[in-house]
Amino acid sequence: MNAIVNVYTRLTTRLDQAGSYLGLLGIRLLLAWEFWEAGVQKFTGENWFINVQENFPFPFNIVPVDISWFLATWSELLGAVALVIGLGTRFFSVSLIILTIVAWVSVHSGNGYNVCDNGYKLPLMYLVMFVPLLLSGPGKLSLDHWLARRFMAN
């Protein structure tokens, strides 16, 4: 029985070590891919926010649609790059959480852009995936971690 406990302990220790580097990387890469695609579509497409601006929650509904389009596009593009390299992860997590909530309220809930049957599943999944990035940071395989070690050590 002691041998089984030792094997289990060694295995979980190695998994914990690998997880501290790779565990959050998968979440970062998946979110980056999704937001990069959305940002590229906005960057290469036409501004359709005029059709949904009245559905934006306050204060986003009073921002001119061209500014909203610009902010959404560049938040998605820069946020995606930042998530890939793990730089400013908590900042971009909050930014993309806000963007996701605005999109959920104004676009995904019954306005024709439902990628799921009810329009809620995908935005909810994004929000849930942002929680560990916001609370725990990007993990050890990130520029945030490297910068923290580099400058906290001095």
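What to note about this one:
- Count of the range 12-68 residues, restricted to those that are in a loop (DSSP other than H, G, I, E, B) and crowded, with 17+ Cβ neighbours inside 10 Å, is 2.
- Restricting attention to the range 54-86, the residues that are of a type outside the set (Val, Ile, Thr) and farther than 20 Å from Glu37 by Cβ total 10.
- Failed item in (1) under 17 Å from the mean Cα position of the chain (by Cα); (2) in a helix (DSSP H, G or I), with Leu87 passing the rest: (2)
Only the coordinates and a few stated rules stand behind these numbers; no lab work does. The shown structure was predicted, so the numbers you read here are calculated from the model rather than taken from an experiment. Cβ atoms come from the backbone with ideal geometry, glycine included; neighbour counts cover every protein chain shown.
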